[in-house]
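Undergrad: Quick one: structure below, then a few questions.
The values are calculated or read from the model by the stated rules, or taken from the named source; none is laboratory data. All values derive from a computational prediction rather than experimental measurement. Ideal geometry is used to build each Cβ from the backbone, glycine not excepted, and the neighbour counts take in all protein chains shown. The accessibility values were calculated without ligands, DNA or RNA, using every heavy atom of the protein model including side chains. Shrake-Rupley method; radii C 1.70, N 1.55, O 1.52, S 1.80 Å.
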Amino acid sequence: MGESPARTAGRPASWWRERCLELLDAGDWYGLYRTAMAWRGSGGGAFTPDAWLMDVCSALLHDRPKTALHCCDMALSTWVERPGDRAVLRFVRGLLIADHVKDPLRALDDLESALHGPDWLAKRAAHELERVTEEANRSRVRKPRATPAPELDAAYRDLIRSHASDPVPSPTKPLPADGAVPSLWDPAMNRLQRS
């Protein structure tokens, strides 16, 4: 993506979604990474799960599951504060840890947290929690491969905003409902879930 942040600022979320889907379908991990980053930085996508899901997909396309996990952690620690949206990211984080980082025991806390999310997610989380609990009981991994999910640090976000050389984006308007199924959920799950 060769466009400057000034040219992409203010584009609607639908533009970002379409561009991400094109890059995801093409398997262009780097283009997807740059587009997701631009969406978060100049398009206001940092405040909802969609741009972060595309970051996760980019890392998985590049075979970097710990980078994908780091994307979830950045979202949870700094940007995504609504409880339903956080539950979505905790679910994604749990699947990453269980299936890609290969530490099902450490994934249980994230999947349990997702049980308290919106109904559509809680049903899915219950199914995955059952599966991952069985895997955790058989797992031989003893040394943790992932740390617990971070809490939101609003003070850190405010510090970033106060020292940013570029204006910090405002959330996309209007924001989707808290905990709504992200518009990029299905393509992200196609990359995230085990075959």
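Undergrad: What percentage of the solvent-accessible surface of the chain, computed with a 1.4 Å probe over protein heavy atoms, is contributed by carbon and sulfur atoms? Show your work: numbers first, answer last.
TA: Details: 5170 of 9970 Å².
Roughly 52 percent of what the probe reaches on the chain is carbon or sulfur.
Undergrad: Give the separation of the Cα centroids, region 57-88 to region 100-142, in Å.
TA: So the two Cα centres are separated by 16 Å.
Undergrad: Just to be sure I follow: if Rg is taken over the C-alpha atoms of region 79-118 and Rh is the Kirkwood radius over the same atoms, what is Rg/Rh? Mind showing how you got there, number by number?
TA: On the way: Rg = 9.9 Å, Rh = 9.9 Å.
Rg divided by Rh gives 1.00.
Undergrad: Can you give the local net charge around R194? Use residues other than it whose beta-carbon is closer than 10 angstrom to its beta-carbon, Lys and Arg +1, Asp and Glu -1.
TA: On the way: positive: R131; negative: D99.
That works out to 0.
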